[in-house]
1. In the stretch B:73-95, what count of residues is obtained for those that are touching a helix residue (DSSP H, G or I) at 6+ places or on another chain (Cβ under 8 Å) and within 11 Å of another protein chain (Cβ to nearest Cβ)?
2. In the stretch B:48-72, which residue that is within 14 Å of chain C (Cβ to nearest Cβ) and small (G, A, S) is surrounded by the most Cβ atoms within 10 Å (Cβ to Cβ)?
3. In the set C:Y194, C:Y106, which member is in the same structural domain as C:K57 (by TED's automatic domain parsing), closer than 27 Å to C:H326 by Cα and among the hydroxyl-bearing types (S, T, Y)?
4. Among the residues in the stretch C:236-251, are any farther than 30 Å from A:E26 by Cα, away from chain B (no Cβ under 13 Å) and basic (K, R)?
5. For the condition at positive phi, facing another protein chain (nearest Cβ under 8 Å) and small (G, A, S), what is the one hit in A:G138, A:G230, A:G156?
6. Tell me yes or no: at least one residue of the stretch B:193-207 is closer than 25 Å to B:A133 by Cα, part of a strand (DSSP E or B), more than 14 Å from every other protein chain (Cβ to nearest Cβ) and in contact with a helix residue (DSSP H, G or I) (Cβ under 9 Å, 6 or more places away or on another chain).
7. Which one is surrounded by the most Cβ atoms within 10 Å (Cβ to Cβ) among residues in the stretch B:240-251 that are at pLDDT 95 or above and of a type in the set (D, E, K, R)?
8. Contact list please: Cβ distance under 7 Å, first residue in the stretch C:305-330 and among the basic types (K, R), second residue not in a loop (DSSP other than H, G, I, E, B), pairs at least six apart or on different chains.
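The values are calculated or read from the model by the stated rules, or taken from the named source; none is laboratory data. These figures come from a predicted structure and were not determined experimentally. Every residue, glycine among them, receives a Cβ derived from its backbone with ideal geometry; neighbour counts consider all protein chains shown.
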Amino acid sequence: MAGKVRVGFYSLTGCAGDLLSILNIEDRLLEIFEKVELVEFVMASSNVKPGGVDIAFVEGSVTTEKDLKALKEIRAKCDRLVALGDCAVWGGVQASLTGLDPRELMKSVYGTEQNLYGFLGEHKPLSEVVKVDLELPGCPIEQEEFIKAFVSLLRGDLPEVKDYPVCIECKIREVPCLVVEKGEACLGPITVGGCKARCPYHGVPCIGCRGPIKDEANVAGELLMLMEKGWKPLDAINRMKLFAARYKDLAKLVGRG
Amino acid sequence: MAENPCLPKLARIVDIVEMTPIEKLFRLEFVDEEDAKAFNFKPGQFVEVSVFGVGEAPISICKSPTRPGPLEILVRRVGRVTNALHRLKPGDLVGLRGPYGNGFPMERMKGFDILLVAGGLGMAPLRSVLQYAIDRRDEYGEAILLYGVRSYQEALFKERVIELIEKPEAARFKTFLAYERDDPVFDKLREKHPENVRKGVVTVLFECADPYIKPEKMCAVICGPPIMYRFVLKELVKRNFKPDRIYMTLERRMKCGIGKCGHCVVGGATSIKYVCKDGPVFTYSDVLSTRGLV
Amino acid sequence: MRIVKLPKERFSELFEALKSWGEVHAPVKVGRFYSFKRVESLGEFTLSYTRTMIPPKKYFVKPFEDILKVHVEKGYEPIVEESKRIVLLGVHACDINALRILDGVYMDEIPDHYYASRRSNSMIVGVSCEPDEYCFCKSVGADYAWTGFDLFLHDIGDSYLIRVGGSKGESIVAELTGVVEEPTSIDYVKLRDYELKRSRMFRRSLNASYLPEVVDSLYGSELWAKYSDKCLGCGSCNLVCPTCRCYDVTESLDLNMVEGVRSRRWDSCFLRSHALVAGGLNFRPTRLDRFKHRYNCKSSIDQRTGMLFCVGCGRCTVFCPAGIDHLEVLNSIWGLR
């Protein structure tokens, strides 16, 4: 191999929790980074090298003009672009504000309608702006999933995309179903698995932090199910909107009121 | 207990031939001679090929058991495993399981003429049938090959196909070629041999081949992209081919290759079949009795 | 088949004999339902239960397991687990019949090593049960186990009548000399009365004759969509089904990029990738396609046992978060109700 794979880690609008999750893989961090030439990872090192990268890992949503410019530059200088975390994959919790008047939002937070920081008016996932090669969902990402994807990418492959919901992992771990047994507003059926059903395992219903299963999640069915369990439609929709506001079928449901 | 069927055997890539920008022919040899001896296959069977650390994919065997030498598979770079396979070099090792599937009923086809209809990559398993029939010429009647490709660039074994059309007397079977995109080489070939070469999809060739098609003493063997089957079957039915003398090999998602993992299951409640085990070769009679086969 | 009688007050002696054969796993209450778990003492489990969420198949086709080790240069080697004997105590007839179906699939002419070795190291102890409002095993002929067990306990009040299914069962009974008795004719009357009573308890039924033909023929019915619209495609019905057996295979390398594993995981025909081939063609692209596929698969006949692939355990209905009722779907497609 001619030199090490050049890798960069970048942050757009978000809490930086995905990159922090990577730094938190403390016991294996050196093992991860000795395999690559680290071009940029500002949270870890102020040493930023010039030039392009083979793999760019990007967290955060495209919220500001600065994000937009940065993302386009990253895309132009990388071979493979990986969206890290729910903000980069679905626009994040902030995207649940989709549809609201940006001036009103500005006013309610900053007391002025003036656009203080080049807000684009909505919070977009990376894939709505540039071509994305791989999406690793989660709020934050799963460390184990990141490592597997990282290894796969270094070898020139792409990891398999998870197409199964949290329910599959609940059944595999024999977690009693919170919907069936308790009528809880669990979003497991529409949410992509990979978390090993961490919340249901601890008796907490899934809030959908890994985002809906792309092109598959039946949000209308989930809404109907929650209504049959006695949930108010608005509450159910708001629950789904938290992490899936930009999922097209949910947007349609919201549009219908 | 018998050996673990999930465990791939080691095979070495002895040679790689680039056929098209997206397809390569791999020649493989088992590392262990015992494995090689135990590997007896029929035309139309497939193997599960593993790339270490990436995974496994089902691939048709592309040569006849009548030919000595390494096993041949023709692989299109289309998914994770096949992309990884394309990155390998001669000398590299892969995993092999198989052979799996029923294969073409070469015994039942004895004494019959054979009409082969191949579309694109469908040439790979049919090459195995063709070689077999040629090598056991006494046991089979005439052979006719209808080959449809999208473009010159995507045509497989094109030098051989061109040679077969240019020098029919040297060939022991009739060859017809259909292509969709303009191309100087194929255009020239078509001008010289208008009765053998046509523009269009593979079904346009039936008209050219009709003088040689004798359904009463002929078996048809089809392989191509899923969309192709219905159109080819229509042509064969029109010509009164017997449903149980029309054979086709089908593609489905497969993980195990041995009727366990369930991905390749087809059919309605009265006709459930495993493509990996009950197929991949099916007759038109199967198509008529199995929902959703083509 | 030999029948012996075990007074209930001496059940602990059977339990001890089973424990000395292997690890005993029995239904333990978890949440509102039950789960087969390892038990050490009588107080930990019950033999009078409705259904476990996850059927006994989990002991033979594991929900998730690493099957091979891989080395990027050397290739594959099998992961051999330490073989241990397991007694499944308290298996219902429907689940025993489901295991017979799985046996046919996993131990056919090319047997699955992992399944076959676990199966040969297992003992199945059945127990008679009473149907609840979801059971319809009687309709599909799976309410009684003719075979497929080592011991089968029939509750006749103060005792169990035990059918002894094979050499493993015989070895246990041999240890209980002096504990088990020869049944009397009165015991058989009790058994008959119990069976008659049980037979009358079924509240749900499915017209199983013609079912394959009807489900196949009515493939085009518009009613399917009414249910598939509601379906969340979550795959729960598959994972809790005692005869669903699809598995997916994945492979990954460790961070050292040299060694890794090939694993398999219970799969569901409701997931996008189930019928997806490389290149992007999906043979069952919509939830409606997958919904109909599942109902067709479950309504087909297993050629080896001659049984319907659905054993009427009711799990898919009970554990469907969307509340889709398997029987209601089939009955409505058939034009009933």
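1. 4
2. The qualifying residue surrounded by the most Cβ atoms within 10 Å (Cβ to Cβ) is B:S50.
3. Values: C:Y194 fails: closer than 27 Å to C:H326 by Cα.
Result of the check over C:Y194, C:Y106: C:Y106.
4. Checking the stretch C:236-251: not a single residue is farther than 30 Å from A:E26 by Cα, away from chain B (no Cβ under 13 Å) and basic (K, R).
5. Going through A:G138, A:G230, A:G156 in turn, the sole match is A:G156.
6. yes
7. By that ranking, first place goes to B:R245.
8. Once the first residue is among the basic types (K, R) and sits in the stretch C:305-330, its partners that are not in a loop (DSSP other than H, G, I, E, B) give C:R315/C:V240.
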